[in-house]
Every structure is written in C-alpha cells, then in structure tokens.
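The structure appears right after this line, and notes come after that.
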Number of protein chains: 2
Amino acid sequence: MTERLTIPEEHVDRRTKGVWWPDGSVTLDEFAQQAGNLFTGPFTWPLMVLREPELTRNIGALSAFTEQHGLAFAPHGKTSMAPALIQRQLDAGAWGVTAATANQVLAYRSFGVRRIVLANELLETRALAWIAAELNRDPGFEFLFYADSAEGVAAAASVADPDGRPLRVLVERGVPGGRTGCRDRAGVLAVADAVAAAPGLELAGVAGYEGPVTGGADAVRAFLRDLRTDAAEIARAHGLERPVLSVGGSAWFDLVAEEFGGARDVWPLLRSGAYVAHDDGLYRRTTPYRRLDEGPGALAGALELWAQITSTPEDGSAIAGLGRREANYDAGFPVPRTVRRPDGSRHPAEGLEIEALNDHHAYLRVPPGLELHPGDLVSFGISHPCTAFDRWSVIPVVDAEDTVVEAVATYF
Amino acid sequence: MTERLTIPEEHVDRRTKGVWWPDGSVTLDEFAQQAGNLFTGPFTWPLMVLREPELTRNIGALSAFTEQHGLAFAPHGKTSMAPALIQRQLDAGAWGVTAATANQVLAYRSFGVRRIVLANELLETRALAWIAAELNRDPGFEFLFYADSAEGVAAAASVADPDGRPLRVLVERGVPGGRTGCRDRAGVLAVADAVAAAPGLELAGVAGYEGPVTGGADAVRAFLRDLRTDAAEIARAHGLERPVLSVGGSAWFDLVAEEFGGARDVWPLLRSGAYVAHDDGLYRRTTPYRRLDEGPGALAGALELWAQITSTPEDGSAIAGLGRREANYDAGFPVPRTVRRPDGSRHPAEGLEIEALNDHHAYLRVPPGLELHPGDLVSFGISHPCTAFDRWSVIPVVDAEDTVVEAVATYF
C-alpha cells in the first residue's frame, strides 16, 4: 500500500502572499473550500496557482512512462517541496523521493517519506550519523546517497554503525567540465573499493546526472553506457547481484528508457522532478516527448502566474506587479499567456514579452495592436519549474474554470 | 514612543532550512539560546546568517544620516520582510515603513506597523477598500500610496470613503524608459488634479525613484529637482502647505540629502531599504558613502552564506552545496570571503569565484595556490540584499565570534 504522508496543517492569514485574508486565519483546507473563483475570491496580485488538469496530466504521464518502460521512479522532490504533491506522486506509483540536501532528507522524514535518494554527496557527519540511527530506528526507512571522493567515504564511515543497518552508497560518475561525480572509471572503481572496505557502508550501485552532458543524444547515450559499464565492473569486483543505476533529469528520460528499460543486470532508477509542473519555457523546448509517440502535449505547464498591470506610462510598454520575488528567471522570463480585462473578457497575449524584472515589477513590451491598461490582468506560464515553487509558501490549485479546489504548502 | 511590533512566534523544526533540529520543535528564542556556535551548533549547510555587528552598524548609519540631514525615513521593509529587523529600524528612529505590494501592507498591519508608504501604484479595489476601512478603524494608522494614471485614481476613488479619513495619494514621477510614474509635468499635474477632485482621496505630494535614472549624479540631481518643482506646482494649484516629497534607493541618498535635507517647502521622506544588510557586491560598488566623509566602511555586508565543498572532481574547480534556492544572483554571484577547514583553521578566499549556480550546487573556480577539499566550508558575502532574504524563512543572527544571539523570521 502506498504510504500516507503526514501533511502538516498550515494556515492562511494576513501574511500569506497572494491571498487577501485580513481577518483571522483558516487552514488550507478551509481556505480552499471558501476561496471560490480566482477572479472573485480572496486573492491579491501577483499570485501563482497550480492548474489541476495539467498537474494530473503530468503526474499521470511519468507514472505511465516509468511503468511502461520498467524503470523505478524516485521523482525529485526538490522541485516542489510540497508534501501534498509528493503524496500524489507516490500514489501514482513512485518508489521513493529524491532529495538534494541533508535538510531536505530531514524534511521528507518529517512528512513520513519511506524511501529517499539523496542525489548528492553528503559530507556532514551530523546528518550522516542521524541517518544511520534513523535506519536502525525504522526498518521501513530506505536511504541511498552519493560519494565521489575518499573524503566522502571517510565522512560516512566515521559515523556509520558497523552493527546496524548500513549506509547505502551510490558512486557518482560525472562528466569533464560538469558538476559532481568521478570523471573516469578508475575514479569510480576507487571510490567503490573504499565504500566496500568501510564497515557500516554498503556499496549499492552507481548514479549520474545526464543534464550537464553536452553534445546531444549521442553524448548522453555514451554517458549512460559508461554508467552501465561502471555498474557491471563494480558488480563483478564486489559481488553485487543487481546494482542500482540511477539517472535523472527531465530532458532525456526517453534515452534512459531505451538504454535501461526493463534491465535485469542493473536496477534502473529515474529521478526526474521538473515534469510535475512542466513549463512554458525550458522543458517545453527540451522534453523527451518531442521525440516520443505521445507528443509534446503529454506534459503541460501546470504553474501559472497572475499579475496586474499597474502602469502604462509609455506607448509600447507596460509595468506589471510581478517581480523576482514572485517569478523565476534563471531559464528565461515568465511567458505571457492571456490578458484578462476588468470586465472578464480575455485576449491572447501574443507578442507580449517581459523584458526585465525588478523585485516587484515586470517591464513588458507591448506589441502593436494590443492595448493594456492599468487594472488589466495578465497570466504567465513559467520558464522553469524548479525555481518557481520556492517563491510561494502557499499555492492554490484551480480547476479548468479557475475555481480553487485545493491549496498546497511548500517547505523551502 | 516607538511602536512595539507584534513579532509572531515561529518555530524551528525538521523542516527549517539551514538548521538540523531532528527532534520536536522550539521557538526561535529557545533556538537562539540553545544554538551556540555556528560551527558546533545544530546547523546544516548551506546556511545564511546575519552578522550582528554589521547589522547594528548599518541601521545606525542610516539613522544618523537621516537625522543629521533632516530627512524623514521609511526604510523599505520589502528588503527583509522581517518584523524583528523592522522593529530595530523603528527603534532607530524611522518614521514608518515602505511596502511594495498590497500584500506587504497587510502583513505589516498584522505586525502592527503604524505608518506605511506603499511605494507603488495600487489598482486593487479589494485592498483599497480594506485600507480605507482600516484608516477609519485605527486613527493611528497612516498610509500613503502612489498614482500615475487616471485608472489608478479612479480605482481608489471607487472605494474611498468621502465621510471618513481620506486615502492619501502621492503622484509618481518616472523617467523615460524607466519604470512606473508620469513621464512629464503635465502628466503629474493631470493626475494631481484628478486626485484633488475625487471625494475620499487626498493629494499628499509627489514621489519618485531615482534608481532607474541613467546618466549619473547630474541626471539624478535633475530628476530630484523636477520632483521638487512638481511638488511646488501641485502645492500652489491645490493649496498644499508642505507636500510630501518621497524618494528612495540606496545608491544616491547623499544627493537626496543635499537637495532636500531640512527642506521646509516639502516634507522629504527617504525610503532606502537595502542598507540594512548592505552587500559585498552591488551596493558595495554604488553606496553613497564612497562620496561621504564617513567612507564606504560606514556600511558593511551583514548577510553571510556558509556552504560546504562537496566535490573537487577536477583541478582548479570545486563544487559547493549552495544554489539558486539559497543564494541570489540577480546582481552577480555570492562573493567568497573565507575558507574554513574541518580543523577550524581559516584562510582567505582570495581569487576564489563562483562561475555558475544550479538549484543546489555552486561551481567554483579555484585559483592556483588554494587547495579545497570535500568537507571544507566557504563563507560568501552576497551581491544584493533584496533577493537574498527571501530565500530563508529563519535567519540566525551571530556575533563577531560566530555565536548565535538571535534568530529572525522573514515573511515572503
């Protein structure tokens, strides 16, 4: 049975961004029941919402994909840090949840997540010691993390419990000029040897992240095959029957499925996270569904920002109340979708563009033929999900008619 | 007497970023009493701290500056959104607090802030109506906001209470190619006329933001003088005795003091906010103290990030556990300060540079002669305060010996 997470009870009050709730405080559930429609309910601009149909589509798509291709799935929870969304991902069949930091591991454990992959090196002995103890406290807790150096192995070994359940290590491979991870097979094997020799540690397999690989599909495929050979060599050297082989990202999971789908020599574990919200920018351009039969519409941008035009001081430009505090811009600015007038009429935002963001202002270039006035609303898709969620501690979920059906809290 | 804000009681628990608090939950005060030293206490990396001596220096500097020059001061609270820091600014003599959004106004009111300048247009009738009612409910509440359009005036007039305390409006002037604000005197006077003619609104003065002015000191001075002439003309046209003249920013307050310090024809109100934390980047380069007798050391970067080196996979580079989730980069990457080895020894981080950030990773270029190893810690100053605070909901305050003396909560 799927685990039931403990989703903390949070409240909406005067301090909740995007919400106009001047009197007292209500729980998120009460809020969702009372909020009604996005344009008549207790909201203030700017606001970010999750669109329920698109969210459901995205979670369903990767669930079907990983099941169809025989890949275990630990979606990266750092994307949303929202236990209500992680619950949906687990309900859809995810094996576990991926974390990026020790702190996220601790937060997941507070939600009751059973299986966690820390897709990162971990050098903090305080955290490692706590995790080792937690493994002994809770036989249902499963944990994997990375090492790519002698220091990483030594830090874990220094606090591991040789008489308890072991800390299970994935040796990370990286690419030259890339991020973390050993750069060659000799490096992978040396770290694997060190793990295997350390009491209290268990060599569980290998991991990598194909995101920083340059050179397109062929280079990604070569990286994936290198990882599989790594896995085979450490399996042979250390007597592993079916080592974990974990890769992640939201741009190449089609190749992961081609290379590892249904593998018996390795246990392939996918860690994609951004798919849960998808976007109108980076992953719209790079999703593997461009190459798959389902087509790029298999995923849809589920996050939507709404902002009000506050000033139209010059022809051809407008200022919206939306800034870096509310919108991310690491992979391009938010992408205008629709203009909504005070009378409720809607117009396509074709040609409208954000040119710059301040903390709380967006500079819009307005194309000829589109008139914007102070008081108009503009909706935006986002350019990249992973840096959008972290600007909002409460996110209303709306249905296709813009009626609030839920409100989710994030923990960044 | 200075107002005492209501500082909400918040807690530290498993979900608190930067803190390793696995068992139960404690209030921020209890946490601060128990936390001890940054390097032996209950922390996990990365972590952002406020340094107490620098924080005190910064708040003292602008307090002295505004008092010495006869400027009223409403520091921009959007910088920190931390009531504990806003309390310090009020204790140091600030007249009020500046906000950027209606939502921030509501949050400030929940903290009990008495005088608020919304340095922005406000078109939301729900918020305007609530503010009008709040003015009638609380005779001690003072509120100023901007208009730069007929739509802005009409929105306020549509919900103003002609029989109650008026909504007080500052007409905003902007610069061509800039942000919000009327582009010329005719525009300013037209909006002023509309405000003066609207029952329930009161024309209070003019405002502008010299930040987007290009062309250096002469252009800023010309902008400030335009504003003063605006103020004189609306004062004459509408019989105002001493209109408010509000300007803001942290790059030109020396010119503001030269132009408006001790003015009797206008009531000069400064809105600088970034000074509270200052930085090692944008404002280190642009602070007015470079031109003032006190010298640039009058302000000091009070925010400091600490991150751990997690991987050193290639010569000349290193990966630290610090990313876009924890560090801002809108005005440059965080600036390395010090390397701290596991044995407690410290080395200057001279020549070390961040080249890129992912969500939870920093790519460091390591200069020849500096060796970094997994497990080392690196401290960073920040490049711009306004986008640094919003990544942390709890920020420990440490003294010169890195001992925790307080923990402050932010509300973004």
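Some points to look at:
- Here is how far apart the B:ARG185 label points are across copies: 8.0 nm, shortest first, using a point 7 Å from Cα toward Cβ.
- Ranked from largest to smallest solvent-accessible area, with a 1.4 Å probe on the protein heavy atoms, B:SER383, A:SER110 come out as A:SER110, B:SER383.
- Compared with the dominant Cα axis of chain A, that is its longest principal axis, helix A:216-238 is turned about 30°.
- Note, ³J(HN,Hα) from phi for the stretch B:294-306, Karplus 6.51, -1.76, 1.60, rounded to Hz, x at Gly and Pro: 4, x, x, x, 4, 10, 9, x, 8, 9, 9, 9, 10
- Label 7 Å beyond Cα on the Cβ vector: B:GLU353 copy-to-copy distances, nm: 2.9
- Neighbourhood charge, 13 Å Cβ-Cβ cut-off, centred on B:GLU326 and excluding it, Lys, Arg +1 and Asp, Glu -1: +1
- Summing charges over neighbours of A:HIS360, with a neighbour being any other residue whose Cβ is under 15 Å away from its Cβ, gives 0 when K and R count +1 and D and E count -1.
- Within-9-Å neighbourhood charge of A:ALA74 [Cβ basis; K, R +1; D, E -1]: +2
- Per residue of peptide B:378-388, the mean number of Cβ atoms on other chains within 10 Å of the residue Cβ is 1.
- Here the chain A residue lying nearest the rotation axis onto B, judged by its C-beta and given with the distance in whole angstrom, is A:SER393, 4.
- Qualifying GluC sites (Glu not before Pro) in the stretch A:219-269, DSSP loop, other Cβ atoms within 10 Å at most 15: A:GLU241
- Among the residues of B:317-324, the average count of other protein chain beta-carbon atoms within 10 Å of the residue beta-carbon is 4.
- Apportionment of accessible area to carbon and sulfur, chain B, percent (1.4 Å): 48 percent
- A protection proxy built from the mean count of other Cβ atoms within 10 Å ranks the segments B:65-72, A:245-252, most packed first, as A:245-252, B:65-72.
- Shielding by partners - mean other protein chain Cβ count within 10 Å, residues of B:298-310: 2
- Heavy-atom surface of chain B, accessible at 1.4 Å and reported per residue (Å²): 34 Å²
- In chain A, the longest principal axis of the Cα atoms and the axis of helix A:150-159 are about 80 degrees apart.
- Taking Cα atoms only, the orientation of helix A:52-68 departs from the longest principal axis of chain A by about 20 degrees.
- Between B and A, accessible area buried - total, square angstrom, nearest 100, 1.4 angstrom probe: 6200 Å²
- With label points defined 7 Å past Cα in the direction of Cβ, position B:THR214 shows copy-to-copy spacings of 3.2 nm, given to one decimal and shortest first.
- Distance between the stretch A:48-73 and the stretch B:344-386 - C-alpha centres, whole angstrom: 37 Å
- Here the sum of -39500 (n - 2.57) over DSSP H runs of 4 or more residues, divided by the residues of chain B, equals -8500 deg cm²/dmol at 222 nm, to the nearest 500.
- Isotropically averaged projected area of the stretch A:224-338, using the convex hull of Cα atoms (one quarter of hull area), nm²: 10.1 nm²
- Exposure ranking of A:ARG114, B:ARG325, A:ARG225 by accessible area [1.4 Å probe, largest first]: A:ARG225, A:ARG114, B:ARG325
- Using a probe of 1.4 Å on the protein chains alone, the accessible area found for B:ASP265 is around 70 Å².
- Each peptide in A:389-399, A:49-59 was scored by the mean count of other Cβ atoms within 10 Å over its residues; highest first, the order is A:389-399, A:49-59.
- Rolling a 1.4 Å probe over the protein heavy atoms leaves A:HIS238 with an accessible area of roughly 60 Å².
- Amide H within-cut-off set for B:VAL97, under 5 Å, with H built and near neighbours excluded: B:ARG115, B:ILE116, B:VAL117
- The calculated P(r) of the stretch B:114-271, using every Cα pair and 10 Å bins from 0, goes 12, 42, 34, 11, 1 in percent.
The values are calculated or read from the model by the stated rules, or taken from the named source; none is laboratory data. These figures come from a predicted structure and were not determined experimentally. Using ideal geometry, Cβ is built from the backbone for each residue, glycine included, and neighbour counts are taken over all protein chains shown. The area values use the complete protein model at the heavy-atom level, side chains included, leaving out ligands, DNA and RNA. Shrake-Rupley method; radii C 1.70, N 1.55, O 1.52, S 1.80 Å.
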